[in-house]
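The block underneath contains the structure these notes are about, expressed in structure tokens.
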Amino acid sequence: MKVVSIRIAPNYSFMYDATSASTLSYYDYIIVGGGTAGCPLAATLSQNATVLLLERGGSPYGIPNITKMASFGAALSDLSRSSPSQRFISEDGVINARARVLGGGSCINAGFYTRASDEYIKEAGWDGRLVNESYQWVEKSVAFEPSLGQWQSAVRDGLLEAGVMPSNGFTYDHIYGTKVGGTIFDQQGNRHTAADLLEYANPSGLTVFLHASVHKILFAIKGKRRPKAHGVVFRDATGAKHKAYLKQGSKNEIIISAGALGSPQLLMLSGVGPAQHLKSHDITVVLDQPLVGQGMSDNPMNAVFIPSPLPVEVSLIQVVGITHFGSYIEAASGENFAGGASSSPAVEYMNNLDETTFRGGFILEKVMGPISTGHLELRTRNPNDNPSVTFNYFKDPQDLQRCVQGIQTIEKIIESKAFFRFRYEYLSWPILLNMTANAPLNLLPKHYNPSMPLEVFCKDTVMTIWHYHGGCQVGKVVDLDYKVLGVDALRVIDGSTFNDSPGTNPQATVMMLGRYMGVKILSERLAN
């Protein structure tokens, strides 16, 4: 077990506000998005090249809403322009959040750290040895073994009683059964984020600008066989415009790591996307690429709230049941649990309840994959505005079936001997379902009552667990090396390239991918 000293914010000499950027600058690599993938990628590339990392948000350091586990949920409820979390509502009526801070989603998530399965790694075509080394590089700095309290222990034992076997103890690995996963919160309850991975950067090779909003990628077209990315336009907080260009050199590139919403959005704003859609926004088409913004998926999450007669510890996701039928069972408890397992309106709803009602936790299930997909479109030409995104939750009947089986497993946990002390006997299973169904979890109309099948409960109470992905998928928008098809000197490296969400929770794999691709790109750079 790691012993962690009291957290002191790193004093990064290479980090500036974008207002101090010159109007024109040149680098070997320009990375758009200092998030879960962008930070490890920038730290790695800076070892042997000059790197500009542009982040639209601010620094995560010294902000209790980000750094303290006990104030989890507060960042998601903060709707101000300076919030590290930007709320968006999908066309499906589910309230969601995207990160707007250095460190990305790792600054506002519930902290669970777990690797992708061996099958996932094989299917992605990744080199297993380098994947393993890259995970270990990340874990050295940000991953910890959690201390399990009584409530999480009861959920773990309840999962085993419910038949989610075997017991796999504490592990980062994705294996069937019940396990305790890692966490990015240390023993003192301090969050460690992807921004901490910048500690490994070469300070003379890296420049990070905060509050730098990238408006478009610039392409050189004249005399080129294919459009070639060669610069970016970004604006600082005052609205002043800056341009950064790639230095001369065949290996230099622009890399978009702006997340599953930001990356397809930026490609479209830059003229790479479905031609008709771009023309409708008066955007000059650089490349007609109809698959940009397609394949958007969000793993549906459904939870059951269980009031507890006993006080429970504050915990975010620590235990997971990985089932054979394709649903992952997780849990969160204590006074901040509403943010841990639910969407922001639930946080507000729970905050208005009296304290005894508030005591308890959520057991939730997340559908793996998912199979259902949707699409993303621009609403405006402003990169700071949310695009329009539709996830089509439960469009595929198999996703709905997995949700039903997940909810049935939650019932078995709640009815288990292990969990008995943490529930009121008079609150029967139908009452618990009804209580949950009546909470304002999303913007969808309510139909569910206890006489109805669980399929209706799943559809009525669907929420997000913030694992959305797609929009720039491998084989459709980028190749196996994450190079954007049809243009030169441009890659996308982040969760927008995924066809499925990796593991039970993706952050470990997104950080790993940043490191992994950084190592690969550098070795290609140094090869000739």
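A few remarks follow.
- Only residues that are in contact with a strand residue (DSSP E or B) (Cβ under 7 Å, 6 or more places away or on another chain), open to solvent by 10 Å² or more (accessible area, probe 1.4 Å) and more than 22 Å from Tyr393 (Cα to Cα) were counted across the range 483-515, and they come to 5.
- Qualifying residue in the range 83-102 (condition: modelled with pLDDT of 95 or more, assigned to a helix (DSSP H, G or I), closer than 26 Å to Met15 by Cβ and touching a Cys at 6+ places or on another chain (Cβ under 8 Å)): no
- Among the residues of the range 120-136, not a single one is assigned to a helix (DSSP H, G or I) and within 29 Å of Leu443 (Cβ to Cβ).
- Phe185 being in contact with a strand residue (DSSP E or B) (Cβ under 6 Å, 6 or more places away or on another chain), under 18 Å from Thr23 (Cα atoms), surrounded by 24 or more Cβ atoms within 10 Å (Cβ to Cβ) and of a type outside the set (Asp, Glu): no
- Flag for Phe112 being out of contact with any helix residue (DSSP H, G or I) (no Cβ under 9 Å at 6 or more places or on another chain) and within 25 Å of Ala332 (Cα to Cα): no
- Any chance Phe144 is in contact with a Lys or Arg (Cβ under 8 Å, 6 or more places away or on another chain) and closer than 25 Å to Leu364 by Cα: yes
- Positions within the range 389-426 being outside any helix (DSSP H, G or I), touching a Pro at 6+ places or on another chain (Cβ under 6 Å) and within 26 Å of Asp298 (Cβ to Cβ), in sequence order: Tyr393
- Filter pass, Ile371 being assigned to a loop (DSSP other than H, G, I, E, B), at pLDDT 95 or above and aliphatic (A, V, I, L, M): yes
- Some residue of the range 62-77 being in contact (Cβ under 8 Å) with a residue 40 or more places away in the chain, part of a loop (DSSP other than H, G, I, E, B) and either in contact with a Gly (Cβ under 7 Å, 6 or more places away or on another chain) or open to solvent by less than 10 Å² (accessible area, probe 1.4 Å) (or both): yes
- Residue in the range 381-391 that is within 27 Å of Ser85 (Cα to Cα) and of a type in the set (Phe, Trp, Tyr) present: yes
- Residue ID - surrounded by the most Cβ atoms within 10 Å (Cβ to Cβ), chosen from residues in the range 82-140 that are hydroxyl-bearing (Ser, Thr, Tyr) and without any contact (Cβ under 8 Å) to a residue 60 or more places away in the chain: Ser85
- Of the residues making up the range 236-277, those that are open to solvent by 10 Å² or more (accessible area, probe 1.4 Å) and free of Cβ contacts under 8 Å to residues at least 60 places away in the same chain number 6.
- Residues that are open to solvent by less than 30 Å² (accessible area, probe 1.4 Å) and either assigned to a loop (DSSP other than H, G, I, E, B) or touching a strand residue (DSSP E or B) at 6+ places or on another chain (Cβ under 9 Å) (or both), drawn from the range 188-205: Gly189, Asn190, Arg191, His192, Thr193, Ala195, Leu198, Ala201, Gly205
- Verdict on Leu480 being touching a strand residue (DSSP E or B) at 6+ places or on another chain (Cβ under 7 Å), open to solvent by 40 Å² or more (accessible area, probe 1.4 Å) and in contact (Cβ under 8 Å) with a residue 60 or more places away in the chain: yes
- Boolean, Val208 is touching a residue at least 24 places away in the same chain (Cβ under 8 Å), touching a Phe, Trp or Tyr at 6+ places or on another chain (Cβ under 8 Å) and crowded, with 24+ Cβ neighbours inside 10 Å: yes
The values are calculated or read from the model by the stated rules, or taken from the named source; none is laboratory data. Only a predicted model underlies this, so the values are computations on that prediction, with no experimental measurement involved. With ideal geometry, Cβ positions are generated from the backbone for all residues, glycine too; neighbour counts draw on all protein chains shown. Note: accessible area is taken over every heavy atom of the protein model, side chains too, but ligands, DNA and RNA are not part of it. Shrake-Rupley method; radii C 1.70, N 1.55, O 1.52, S 1.80 Å.
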